[in-house]
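Participant: Mind having a look at this structure? Questions to follow.
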There are 2 protein chains.
Amino acid sequence: MTALRLVAEQNSVDVSHSAWLDTILKGDCVAAMEKLPAHSVDAIFADPPYNLQLEGTLHRPDQSKVDAVDDEWDQFESFAAYDAFTRAWLLAARRVLKPNGTIWVIGSYHNIFRVGAIMQDLGFWLLNDVIWRKTNPMPNFRGRRFQNAHETMIWASRDRDAKGYTFNYESMKAANDDVQMRSDWLFPICTGAERLKDEKGAKVHPTQKPEALLARVLLSSTKPGDVVLDPFFGSGTTGAVAKRLGRHFVGIEREQAYIDAAQERIAEVKPLEHLALELLVSKRAEPRVAFASLLDTGLIKPGTRLFDAKRRHTAVVRADGTLSSGTFAGSIHKVGAQVQDAEACNGWTFWHYERAGGLTPIDELRRVARVGIERAGA
Amino acid sequence: MTALRLVAEQNSVDVSHSAWLDTILKGDCVAAMEKLPAHSVDAIFADPPYNLQLEGTLHRPDQSKVDAVDDEWDQFESFAAYDAFTRAWLLAARRVLKPNGTIWVIGSYHNIFRVGAIMQDLGFWLLNDVIWRKTNPMPNFRGRRFQNAHETMIWASRDRDAKGYTFNYESMKAANDDVQMRSDWLFPICTGAERLKDEKGAKVHPTQKPEALLARVLLSSTKPGDVVLDPFFGSGTTGAVAKRLGRHFVGIEREQAYIDAAQERIAEVKPLEHLALELLVSKRAEPRVAFASLLDTGLIKPGTRLFDAKRRHTAVVRADGTLSSGTFAGSIHKVGAQVQDAEACNGWTFWHYERAGGLTPIDELRRVARVGIERAGA
DNA sequence: GTTGACTCTGAATCGTACC
DNA sequence: TGGTACGATTCAGAGTCAA
């Protein structure tokens with residue numbers, strides 16, 4: 001490879017025709033990333049092994065066994081070995097990342113402190129640590145510690161002086177009751193129909209992440225058409241959400257079983273309509289909303305059409321928690337006011353969704369959502 | 001100081017009359033901790049400086065001067081210096097901590113990852129990371145990041161194999177609407193009357209922590225009478241809360257202004273009444289009762305037939321205090337496990353006896369027996 | 001169809017006293 | 001120091017099945 005070619009790669013911005021786009025590369029993530037062009041992805045989401053150090057088996061109070069994460073890929077000989085592994089993949093990731101790209105890494109207290117320190121050492125600039133608060137975490141069965149009810153995500157830019165990274169501030173704010181999106185996010189763990197199962201009904205991957213979590217990550221820090229790399233692809237949540245949200249993905253995974261499951265999963269994903277994907281450009285967002293949590297918890301889906309009580313007006317729910325009336329986009333209140341040509345509007349009582357042949361106010365969904373929030377909060 | 005004296009210090013367990021109890025030691029925290037006896041404090045709460053900008057106070061690993069200050073090198077220097085400082089105080093803290101003591105360290109994403117990794121490297125064993133969610137965090141003014149709405153606390157035991165640390169599980173659970181206390185806590189930041197102000201109305205300390213936060217920390221992981229060390233005492237929140245909750249404190253602080261403010265503050269604190277300080281008695285701490293003693297006192301008679309709650313299993317009480325299921329004989333626990341084909345069983349809650357037409361757990365009889373024991377003991 | 005009882009499960013670093 | 005026995009310990013959500 002010549003120097004000229006290297007430069008060309010580093011300047012390559014148009015990756016829309018690359019063969020590796022929207023595919024899963026099989027193999028070790030460091031080796032795979034080293035084969036990708038430098039500065040070729042807009043964002044990275046990484047869910048590396050947590051290096052749990054478990055001894056013996058844990059029983060629930062009813063004597064049933066806890067299905068622990070004891071997979072070979074989570075075993076490391078020492079902190080030093082884990083650090084070396086972490087340094088290697090982060091270094092390779094940093095080369096692939098565009099200068100204005102950002103990286104997300106998720107972990108627990110077992111590994112996240114080592115990961116964060118190494119990220120700082122390698123020159124990544126930490127933007128936030130974001131807490132995923134689980135509505136339904138596993139209890140602490142022996143009553144020896146606090147219930148481990150969250151995981152930590154680190155969000156960082158490639159360089160300290162990178163100012164041009166993507167952060168969809170207005171979109172996040174509009175989706176959060178028109179106040180700034182906080183660094184603590186509440187989501188359920190991945191269960192039910194979303195959880196991939198094999199033909200025997202066993203979970204395909206022990207640590208599948210919820211799509212709602214990835215959706216907020218991608219909606220906050222990427223634009224439609226961006227390329228998102230996931231070096232620990234697993235069951236492919238990053239790819240599924242990226243495809244749905246109109247982003248490109250690149251997955252890297254070692255185990256064929258995970259690759260097969262992810263490919264099948266992603267093939268079934270239908271990208272959202274363009275209308276639902278547009279990001280807010282308006283700088284003004286004054287009325288109050290609390291809408292994104294309904295999307296987060298699946299109470300309402302992007303693309304859903306809303307109506308006023310008499311079906312005189314209509315709007316479409318977008319993935320970032322805003323509404324679009326076709327000519328105007330904003331919070332549920334703003335759009336409600338706009339379609340009525342009114343000064344103000346309480347979107348919660350104005351907008352209705354179709355259910356069982358009739359219309360129900362979305363306020364009903366907020367009531368349902370609040371129960372969950374109150375249980376997990378305070 | 002002679003070797004003899006050193007040994008004496010290391011073995012000193014009774015610190016109830018130490019001159020340094022409930023005082024603030026002035027000076028550098030490493031030097032001050034090195035003067036304290038080894039294994040002399042039950043818990044440590046530390047709120048170290050967050051910023052990685054080098055203050056004159058941080059120990060540089062080597063005193064050589066850097067003339068070419070390009071950003072990367074400067075950053076590396078900063079991290080290295082902060083790491084050295086962190087390692088030094090954590091090492092000194094670990095020496096002072098009792099073998100079954102625990103340590104809390106609070107920080108933000110600027111420093112907490114380095115702190116956590118170094119804690120692991122030094123042999124501390126992480127028990128939880130606990131998130132302080134702020135009800136009223138400072139907004140992100142530039143709209144370039146998520147609102148930084150939390151801080152992270154690391155809770156760790158001194159050693160990996162230390163199992164005897166204090167965790168008041170039942171107290172925490174009761175305080176949390178009778179479900180396990182989670183790892184994410186919601187508290188307001190310190191404002192209003194609680195916030196120390198000087199005569200000009202200015203904040204005495206820039207990062208004064210709320211007393212509610214410290215109260216939960218101390219209530220969860222210390223017992224009344226325990227000694228709590230705070231090597232970065234600041235405005236003395238740890239001391240004030242410790243005094244109020246009937247714990248001893250040791251503060252270390254360099255700046256006289258903070259010491260003065262803290263002393264004044266703590267002097268005004270009134271300790272809670274003894275009754276208000278008592279912890280919920282955990283079953284673990286209650287005196288043991290042998291099943292055979294129920295026979296001795298006539299609470300249950302040989303030949304009594306026992307059942308599980310759903311009458312799926314049965315066994316007979318034998319004169320020696322063992323049970324017989326017909327095919328197997330042994331302790332209430334062993335037979336309970338055997339009939340269920342389980343590895344283990346708590347016979348006290350598993351087995352029931354017939355009373356007034358219904359089934360009552362034999363644990364009820366144990367409770368009666370314990371009352372008798374207490375009466376005899378008192 | 002609805003309701004309630006029961007079962008199952010999720011990234012888990014999950015004893016202690018006594019002989 | 002090791003072996004053995006006691007006996008303490010779970011929340012939310014989804015799925016199943018019977019009433």
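The values are calculated or read from the model by the stated rules, or taken from the named source; none is laboratory data. Not measured: the values here are computed from a predicted model. Backbone-built Cβ (ideal geometry, glycine too); neighbour counts: all protein chains shown. Remember, those area values only see protein heavy atoms, side chains included, never the ligands or the DNA or RNA. Shrake-Rupley method; radii C 1.70, N 1.55, O 1.52, S 1.80 Å.
Participant: What part of the accessible area of chain B, given as a whole %, is carbon or sulfur when the probe is 1.4 angstrom? Could the numbers behind the result be given before it?
Facilitator: Working: 9960 of 18630 Å².
Of the solvent-accessible surface of chain B, carbon and sulfur hold 53 percent.
Participant: Could you sort A:His110, A:His205, B:His274 by accessible area so the largest value comes first, with the probe set to 1.4 Å? Intermediate values should be presented prior to the final figure.
Facilitator: Numbers: A:His110 45, A:His205 20, B:His274 130 Å².
Most to least solvent-accessible, the answer reads B:His274, A:His110, A:His205.
Participant: Only four residue types carry charge here, +1 at the Cβ of Lys and Arg and -1 at the Cβ of Asp and Glu. Report the dipole size of chain A about the Cα centre in Debye, rounded to the nearest 20.
Facilitator: Charge dipole, chain A, about its Cα centre: 880 debye, nearest 20.
Participant: So what is the relative contact order of segment B:168-305, in percent, for Cα pairs below 8 Å that sit 6 or more residues apart? Mind dumping the intermediate values first?
Facilitator: Numbers: 155 pairs, mean separation 28.5, N = 138.
Taking the mean separation of contacting Cα pairs over the length of segment B:168-305, I get 21 percent.
Participant: Still on this structure: How many nm is it between the label spots at A:His274 and B:Ala193, if each spot is 7 Å from the Cα in line with the beta carbon?
Facilitator: Going from the A:His274 label point to the B:Ala193 one covers 6.2 nm.
Participant: Taking a probe of 1.4 Å, how large is the accessible area per residue of chain A, in Å²?
Facilitator: Details: 16610 Å² over 378 residues.
Averaged over the residues of chain A, the accessible area is 44 Å².
Participant: By the scheme Lys and Arg +1, Asp and Glu -1, what is the net charge of all other residues having a beta-carbon under 10 Å from that of A:Thr102? Numbers along the way, then the final one.
Facilitator: Numbers: positive: A:Lys98, A:Arg158; negative: A:Asp42.
Neighbour charge sum, excluding A:Thr102 itself: +1.
Participant: How much accessible surface does B:Ile332 have with a 1.4 Å probe, in Å² rounded to 10?
Facilitator: Spelled out: B:Ile332, probe radius 1.4 Å, area about 10 Å².
Participant: Provide the gained length on full extension for the span B:Ala285 to B:Lys301, in nm with one decimal, where the gain is 0.36 nm per separating residue minus the Cα-Cα distance. Mind dumping the intermediate values first?
Facilitator: Numbers: separation 16, 0.36 × 16 = 5.76 nm, distance 2.76 nm.
Net length gain for the segment: 3.0 nm.
Participant: Report the one residue of B:Cys190, A:His313, B:Phe291 whose Cα lies farthest in the direction of the positive end of the charge dipole of the protein assembly as shown (charges on C-beta: Lys and Arg +1, Asp and Glu -1; origin at the Cα centre).
Facilitator: B:Phe291
Participant: Still on this structure, please answer the following. Taking H placed 1.01 Å from N in the peptide plane, check which residues at least 5 places from A:Ile44 or on another chain put their amide H under 5 Å from its amide H.
Facilitator: A:Thr102, A:Ile103, A:Trp104, A:Leu229
Participant: Mind telling me which of B:Arg195, B:Arg144, B:Arg87 comes out most flexible in a GNM of chain B, alpha-carbon contacts under 10 Å?
Facilitator: Ranking B:Arg195, B:Arg144, B:Arg87 by mean-square fluctuation puts B:Arg144 first.
Participant: Sticking with this structure for a sec: Give me the net charge of A:Ile112's neighbourhood, meaning all other residues with Cβ under 14 Å from the Cβ of A:Ile112; Lys, Arg count +1, Asp, Glu -1.
Facilitator: It works out to a net charge of -3.
Participant: Average partner chain C-beta neighbours within 10 Å, per residue of A:147-156?
Facilitator: Numbers: counts 10, 6, 8, 10, 2, 7, 0, 2, 3, 1.
Partner-chain Cβ atoms within 10 Å, mean over residues of A:147-156: 5.
Participant: Using just the helices of chain A, give the 222 nm mean residue ellipticity in deg cm²/dmol: DSSP H runs with n ≥ 4 each add -39,500 (n - 2.57), and the total is spread over all residues, rounded to 500.
Facilitator: Details: 13 runs with 118 residues, N = 378.
That comes out to -9000 deg cm²/dmol.
Participant: Which residues of segment A:60-98 end up with at least 40 Å² less accessible area in the presence of all protein chains than when their chain stands alone, using a 1.4 Å probe?
Facilitator: A:Gln63, A:Phe79
Participant: Same structure again: For B:Arg160 paired with A:Trp73, estimate the spin-label separation in nm (one decimal), with each label point 7 Å from Cα along the Cα-to-Cβ line.
Facilitator: Taking the simple label geometry, B:Arg160 and A:Trp73 are separated by 2.5 nm.
Participant: Moving on. Given a 1.4 Å probe, show me the residues in segment B:101-143 buried by at least 40 Å² of accessible surface when comparing the whole protein assembly to the chain alone.
Facilitator: For segment B:101-143, once contacts with the other chains are taken into account, B:Tyr109, B:Phe113, B:Arg114, B:Gln120, B:Trp125, B:Leu126, B:Leu127, B:Asn128, B:Asp129, B:Ile131, B:Arg133, B:Gly143 lose 40 Å² or more.
Participant: Considering chain A as a Gaussian network with a 10 Å cut-off on Cα pairs, which listed residue, A:Ser18, A:Ser40, A:Ser331, attains the greatest mean-square fluctuation?
Facilitator: Evaluated over chain A, the most mobile residue of the options is A:Ser18.
Participant: Using only protein heavy atoms and a 1.4 Å probe, how much accessible area in total is buried between B and A, to the nearest 100 Å²? Walk me through the numbers before you get to the answer.
Facilitator: Details: alone 21260 and 19210 Å², together 35240 Å².
When B and A are taken together, about 5200 Å² of accessible area is lost.
Participant: While we're here: Report the charge-dipole magnitude of segment B:280-338 in Debye, nearest 20, computed about the Cα centre from +1 at each Lys and Arg Cβ and -1 at each Asp and Glu Cβ. Spell out each step's value before the answer.
Facilitator: Details: 10 positive and 4 negative charges, 52 e Å.
Charge dipole, segment B:280-338, about its Cα centre: 260 debye, nearest 20.
Participant: While we're on this one: Counting only DSSP beta bridges with both residues in chain A, tell me the antiparallel percent, nearest 5.
Facilitator: Numbers: 29 of 48 bridges.
The antiparallel fraction comes to roughly 60 percent.
Participant: Run the dipole for segment A:300-367 about the Cα centre, Lys and Arg Cβ at +1, Asp and Glu Cβ at -1, nothing else charged, and hand back the magnitude in debye, nearest 20.
Facilitator: On the way: 10 positive and 7 negative charges, 44 e Å.
That gives segment A:300-367 a dipole magnitude of about 220 debye.
Participant: Using a Gaussian network model of chain B with C-alpha springs under 10 Å, which one of B:Leu218, B:Leu25, B:Leu186 is most mobile by mean-square fluctuation?
Facilitator: Of the options given, B:Leu186 has the highest mean-square fluctuation.
Participant: I need the inter-copy label distances for B:Pro139: point set 7 Å along Cα to C-beta, values in nm with one decimal, smallest first.
Facilitator: 4.2
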